[in-house]
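Heads up: the structure comes next, in structure tokens.
What follows is calculated from the coordinates using simple rules that are stated; it is not laboratory data. Quick caveat, the model's predicted, so the values are computed rather than measured. Don't worry about glycine lacking a Cβ; one is built from the backbone with ideal geometry, like all the others, and counts go over all protein chains shown.
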Amino acid sequence: MLLWIGFIIFIGILLSLDLGVFNRESHVISTKEALGWTTLWTAVSLLFSFFVFFAYRDQWFGLGAEMGHVLTPQSAVLKYLTGYLVELSLSVDNIFVIALIFSYFHIPRQYQHRVLFWGIVGAIIFRGFMIGAGVYLIERFSLITYVFGAILLYSAYRMLGSGHEKVDPDKNPVVNFFKRYFPIVRTIHKEHFFLKRMGKTYATPLFIALLVVETTDVMFAFDSIPAIFAITTDPFLVFSSNIFAILGLRSLFFVLVSILNRFKYLQYSLVGILAFVGVKMLLIHLVHLPEWVSFAVIVAFLGGGILFSLAVERREKMVEELKS
């Protein structure tokens, strides 16, 4: 229990420094600033693997010694890094949808960071509940692994066939429920989610955008949470790798949103990752792949998608230059 409390306090401190100190004033996040934050979050996530190594080596708070979760420090680190990479890669599709949400609601760039910040806080809380439920089900019903595997394969098929999720807030049940009981103003009032007029509280489009971001993340979580269970069922590794991937999502959004269309074939990499972890979960009782194999396969999928996208883009530019 002390381990979980300490980890949550650590994450809370990082988030408080982010919004309360470094980003207190609403401003447009430049690509340079976003790259700096992305580098920082990535460094913190990678440095955390050292904590994982020593914690599982010396079995701090019982880590690596619990029945059903016995792990060597090397295995724990590889599972943490693989889970982190899986969750981060699956967040790329989420970034595209968030960009569509901001465009739909005409959210100014200087206020997007605030929406993303609170969206990530909500995602951390909700995913914590989902991970807890997933661990509970897996430990008590071994057949649930086949259900998770089937969900991942279906998600891969859906992503391959329909591409990115579409944004239609008018059909969002949470937004429609909220509109029934709370008045909403049509204009944005700086960074405020709510405002008062004549003693009455109104929600702003900024808050509605936050609701859509939160509910959209819930849908993506049904893909990403089963994916991490294909890597490990250790509760601490599942939660920590998931949380660090989410923390890096905000800054990564501002880095990738302007260049995401360049990686047109990255979508197929995500399909491959989902399919791989889905098959791995379906065969979990028959085939036991070493941790480094899963890590290498996922890196290969991501790297292949990025390199192939860039190669095709370069070839298309050369063809256009020859035509002109």
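Hey, what do the phi angles of the stretch 292-299 turn into as Karplus ³J(HN,Hα) couplings, whole Hz, using 6.51/-1.76/1.60 and θ = phi - 60°, x for Gly and Pro?
Values, residue by residue: 5, 5, 4, 4, 5, 5, 5, 4 Hz.
Could you check the spin-label model distance between Lys32 and Phe50? Points 7 Å from the Cα along Cα→Cβ, value in nm.
Here the answer is 2.9 nm between the modelled labels.
For an R0 of 30 angstrom, estimate the FRET efficiency from the Cβ-Cβ distance between Met130 and His192 and round to the nearest 0.05. Spell out each step's value before the answer.
Values: r = 30 Å, r/R0 = 1.00.
So the FRET efficiency works out to roughly 0.50.
Provide Phe182, Phe50, Phe254 in ascending order of the number of other Cβ atoms located within 10 Å of each residue's Cβ, fewest first. Mind showing how you got there, number by number?
Working: Phe182 14, Phe50 10, Phe254 22.
By the 10 Å Cβ count, ascending, the order reads Phe50, Phe182, Phe254.
Net charge around Ala123, counting only other residues with Cβ within less than 12 Å of its Cβ (Lys, Arg = +1; Asp, Glu = -1)? Intermediate results must be reported in sequence, preceding the final value.
Numbers: positive: Arg127, Arg250; negative: Glu87, Glu214, Asp217.
Combined, the nearby Lys, Arg, Asp and Glu give -1.
Let me check I've understood the local charge: for Ala133, count other residues with C-beta under 12 angstrom from its C-beta, Lys and Arg +1, Asp and Glu -1. What total comes out? Mind dumping the intermediate values first?
Working: positive: Arg127, Arg140; negative: Glu139.
Spelling it out: positives minus negatives among the neighbours equals +1.
If exposed means no more than 10 neighbouring beta carbons inside 10 Å and the site is in a DSSP loop, what's the longest run of the chain without any exposed trypsin sites (Lys or Arg not before Pro)? Mind showing how you got there, number by number?
Numbers: sites that count: Arg24, Lys166, Arg186.
Within the chain, the longest run free of exposed trypsin sites (Lys or Arg not before Pro) spans 25-165.
According to a simple spin-label model (label point 7 Å from Cα along Cα-to-Cβ), what is the distance in nm between His288 and Thr72?
1.2
Provide the per-residue ³J(HN,Hα) series for the stretch 213-225, in order, calculated from phi with Karplus coefficients 6.51, -1.76, 1.60 and θ = phi - 60°, each as a whole number of Hz, with x at glycine and proline positions.
4, 5, 5, 5, 5, 4, 5, 5, 5, 5, 8, 6, 5
Can you spot the lysines whose alpha carbon is less than 24 Å from Lys280's alpha carbon? Ignore those fewer than 8 places along the same chain.
Lys79
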